[in-house]
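Quick notes on the structure that follows.
The values are calculated or read from the model by the stated rules, or taken from the named source; none is laboratory data. None of these values were measured; they are calculated from a predicted model. Glycine also receives a Cβ, built like all others from the backbone with ideal geometry; neighbour counts cover every protein chain displayed.
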Amino acid sequence: MLPHFALLPHLRKHFDKIYYVGSHDGVEKKLVEKEGLEFHGITCDKLRRSLSPKSVMCNMVMPFKLLKGFGEAKRILRELKPDVVFSKGGFVAYPVVRSAAKLGITVIAHESDLSMGLANRMSVRYCQKICTTFAKTTESGNPQDKFIHTGSPIRAKIYQGKRGESNGKRNLLVMGGSLGAASINMAVREALVELEKKFNVVHICGRGKKNSVFDRASPLKKGEYIQVEYVDDIENYLAWADVVVSRAGSNALCELMVLAKAVLFIPLATGRGDQIENAQEVLAHDAGAVLYERDLTAETLLRGIEQVWARRAEVSKNTSRVVIDGTEAIAEIIKIT
């Protein structure tokens, strides 16, 4: 959703009306309408890779939801008559992409991760162009004339952060993500005594994951450890940070790379492995450090942070080899295709 929003200022120069199609029961409706977009919901569901009884039952029902989503997507597209559909992939996108192609509507897609997700792999045949975050995705694309390495859509506000006051210590920002924060949170709290000897620490621990034992209400400028569940002004925290600990999801990774931050990535081990592949691309270009979740302890976390701090100047020079800001390039492709 955030990459979509990054494109809006550029797309509004060329399109009179922009619509957003999402899930009926998704969380995006309020955010989309806050951006001044007209929201339309469809029925959809994602493939669950777990073999738990609940996941198996959900996967059995999924084809019926998908068929319903196709019908709803086609009805919406016939009503709106868009000139172009832009897809970022995901389980909501496929019914819209396929229906658009059936109606003769141009489809442009963007792949965020190094390897293509299931929805985008299924959508390739229906797309005129597929923009990619990573050059390697484009090189392995088939047919290659559809794939264009553009980089990632980046929110303009990310560049507008204010660093704030400094007490002379290094600043460490920890971002665990909403779903995969538990193991990082535990390691940070176990390492906190040692971390505070060298760093001011801001710990974004995820909604509902604060621990009152570590809750300190001190202002940031005093340099003490602070845990928060979520922040709206992430650009200021990124500007403040000298070193960042983060998952390796595409959105976070791309914003950290374009800001040339020194980062210790801890890729989420679950799912289809996309975060691990993203992090390995960072390693391939010597643009950061990676600590795999199976190896995560308080000790390895401390060691990884120190290593990336020691090499901060070197790794920061290489971040542009991993990800570039592709916002304008993607908007231009959407406009002219």
Test: residue in region 225-240 that is charged (D, E, K, R), within 18 Å of residue 322 (Cβ to Cβ) and in the same structural domain as residue 282 (by TED's automatic domain parsing): no
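Just one of 293, 277 is of a type in the set (Asp, Glu), surrounded by fewer than 21 Cβ atoms within 10 Å (Cβ to Cβ) and over 28 Å from residue 128 (Cβ atoms); which is it?
Values: 277 fails: over 28 Å from residue 128 (Cβ atoms).
Going through 293, 277 in turn, the sole match is 293.
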Residue list for region 90-131, filter: surrounded by fewer than 17 Cβ atoms within 10 Å (Cβ to Cβ) and polar (S, T, N, Q): 106, 115, 128
Residue list for region 125-163, restricted to those being part of a helix (DSSP H, G or I) and over 21 Å from the mean Cα position of the chain (by Cα): 125, 126, 139, 144, 145, 146
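Restricting attention to region 31-55, which residues are surrounded by 12 or more Cβ atoms within 10 Å (Cβ to Cβ), assigned to a helix (DSSP H, G or I) and at pLDDT below 70?
Our first condition is that a residue be surrounded by 12 or more Cβ atoms within 10 Å (Cβ to Cβ); within region 31-55, this holds for 31-33, 35, 37-48, 55.
Still in the list and also assigned to a helix (DSSP H, G or I): 31-33, 55.
Within region 31-55, just 55 meets the criteria.
Sort through 246, 250 and tell me the only one that's buried (at least 20 other Cβ atoms within 10 Å of the Cβ) and farther than 18 Å from residue 88 by Cβ.
Working: 250 fails: farther than 18 Å from residue 88 by Cβ.
Just a single option satisfies the conditions, and that option is 246.
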Number of the exception - residue 166 against (1) of a type in the set (S, T, N, Q); (2) closer than 27 Å to residue 292 by Cβ; (3) part of a loop (DSSP other than H, G, I, E, B): (2)
Output for region 260-290, where each listed residue is small (Gly, Ala, Ser) and modelled with pLDDT under 95: 269, 271, 273
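Residues are listed down the side, and each one gets a yes or a no for (1) closer than 21 Å to residue 251 by Cβ; (2) in contact with a helix residue (DSSP H, G or I) (Cβ under 9 Å, 6 or more places away or on another chain); (3) not charged (D, E, K, R):
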{"position": "4", "(1), (2), (3)": "yes, yes, yes"}
{"position": "10", "(1), (2), (3)": "yes, yes, yes"}
{"position": "14", "(1), (2), (3)": "no, yes, yes"}
{"position": "17", "(1), (2), (3)": "no, yes, no"}
{"position": "21", "(1), (2), (3)": "yes, yes, yes"}
{"position": "36", "(1), (2), (3)": "no, yes, yes"}
{"position": "40", "(1), (2), (3)": "no, yes, yes"}
